[in-house]
1. Return the residues of the stretch 97-125 that are over 16 Å from the mean Cα position of the chain (by Cα) and open to solvent by 50 Å² or more (accessible area, probe 1.4 Å); say none if nothing qualifies.
2. Give Ile22, Ile79, Ile59 a once-over and let me know the one that is surrounded by 18 or more Cβ atoms within 10 Å (Cβ to Cβ) and not acidic (Asp, Glu).
3. Quickly run through the stretch 25-56 and pick out the residues that are open to solvent by 30 Å² or more (accessible area, probe 1.4 Å) and among the aromatic types (Phe, Trp, Tyr).
4. Please determine whether any residue of the stretch 191-204 is outside any loop (DSSP other than H, G, I, E, B) and touching a Phe, Trp or Tyr at 6+ places or on another chain (Cβ under 7 Å).
5. With respect to Asn91, is the statement that it is farther than 19 Å from Tyr35 by Cβ and open to solvent by less than 20 Å² (accessible area, probe 1.4 Å) true?
6. Anything in the stretch 31-53 that is in a loop (DSSP other than H, G, I, E, B) and modelled with pLDDT under 95? List them, or say none.
7. Any idea which of (1) part of a helix (DSSP H, G or I); (2) more than 23 Å from Ser18 (Cα to Cα); (3) open to solvent by 40 Å² or more (accessible area, probe 1.4 Å) is the one Glu151 doesn't satisfy?
8. Tally the residues that are in a loop (DSSP other than H, G, I, E, B), out of contact with any Asp or Glu (no Cβ under 7 Å at 6 or more places or on another chain) and buried (at least 16 other Cβ atoms within 10 Å of the Cβ), restricting the search to the stretch 126-140.
Amino acid sequence: MVKVEFHFDFGSPNAYLSHLVIPEIEKRTGVKFEYVPVLLGGVFKLTNNRSPAESLRGIRNKPEYERLETQRFLRRHGIARFQSNPFFPVNTLMMMRGAIAAGRLGVFERYVDEMYRRMWAEPKKMDDPAIWRAALVEAGFAADRFFELIEQREVKEELMSNTQKSVERGTFGSPTFYVGGEIFFGKDRLRDVEELIVQRRTEA
């Protein structure tokens, strides 16, 4: 079986858009993506990278082109539920520790859907603990249990370990994909990811 990984952080709009397209690829290829939570702030620190919001500031034409490419992606995949988060940048540490906690509680996939929705479809200030708690309650999660787990050393260390290991493999931002040992960066590389999955499955 081909192993495909999606290293993600809720703070990346392009990771959210990738998340919406991944089910299409899974359906066509029969291969399930493994979601790996990483902390994008930690990735940037370890790689001396910066977010596009910073790196594109003051540059002429490139931000406009990036927005154009996003609109093309939305049209290509029929995505309607996407808007900029007015509270961006959002500190995702709490949410990403929550992803580790969700895995331990057996609600990981639904948690990812709910957090992405509140970041990029119905944007909220998700680094506010009160707003995060309200989102958990509204989604039917055990909010108190989440708040307990994200303070546990094991949960914190797992997110840190995921981030460190991801960077050691080549990650410098999100969304990052791995097909076996091959790395791909960015939502626009999903076509290449799918092609390699098909190729690897054919070879097997």
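The values are calculated or read from the model by the stated rules, or taken from the named source; none is laboratory data. As the structure is a prediction and not an experimental result, all values here were calculated from the model. Because the Cβ atoms are built from the backbone with ideal geometry, glycine has one as well, and the counts that use them run over all protein chains shown. Heads up: the accessible areas ignore ligands, DNA and RNA and are worked out on the full protein's heavy atoms, side chains in. Shrake-Rupley method; radii C 1.70, N 1.55, O 1.52, S 1.80 Å.
1. Arg104, Leu105, Gly106, Glu122, Lys124, Lys125
2. Working: Ile79 fails: surrounded by 18 or more Cβ atoms within 10 Å (Cβ to Cβ); Ile59 fails: surrounded by 18 or more Cβ atoms within 10 Å (Cβ to Cβ).
Of Ile22, Ile79, Ile59, the one residue that is surrounded by 18 or more Cβ atoms within 10 Å (Cβ to Cβ) and not acidic (Asp, Glu) is Ile22.
3. Matches in the stretch 25-56: Tyr35, Phe44.
4. Pass one, the stretch 191-204, residues outside any loop (DSSP other than H, G, I, E, B): 191-203.
With the extra rule that they be touching a Phe, Trp or Tyr at 6+ places or on another chain (Cβ under 7 Å), the set shrinks to 192-193.
Yes: one or more hits.
5. Working: farther than 19 Å from Tyr35 by Cβ: yes; open to solvent by less than 20 Å² (accessible area, probe 1.4 Å): no.
Criteria not met by Asn91.
6. Narrowing the stretch 31-53 to residues in a loop (DSSP other than H, G, I, E, B): 31-32, 38-39, 48-51.
If the condition is that a residue be in a loop (DSSP other than H, G, I, E, B) and modelled with pLDDT under 95, then Asn48, Asn49, Arg50, Ser51 are the ones that fit.
7. Single failed check for Glu151: (1).
8. First, pick out the residues of the stretch 126-140 that are in a loop (DSSP other than H, G, I, E, B): 126-128, 139-140.
Then keep just the ones that are out of contact with any Asp or Glu (no Cβ under 7 Å at 6 or more places or on another chain); that gives 126-128, 140.
Among the residues that remain, those that are also buried (at least 16 other Cβ atoms within 10 Å of the Cβ) are: 126-127.
Final tally of qualifying residues: 2.
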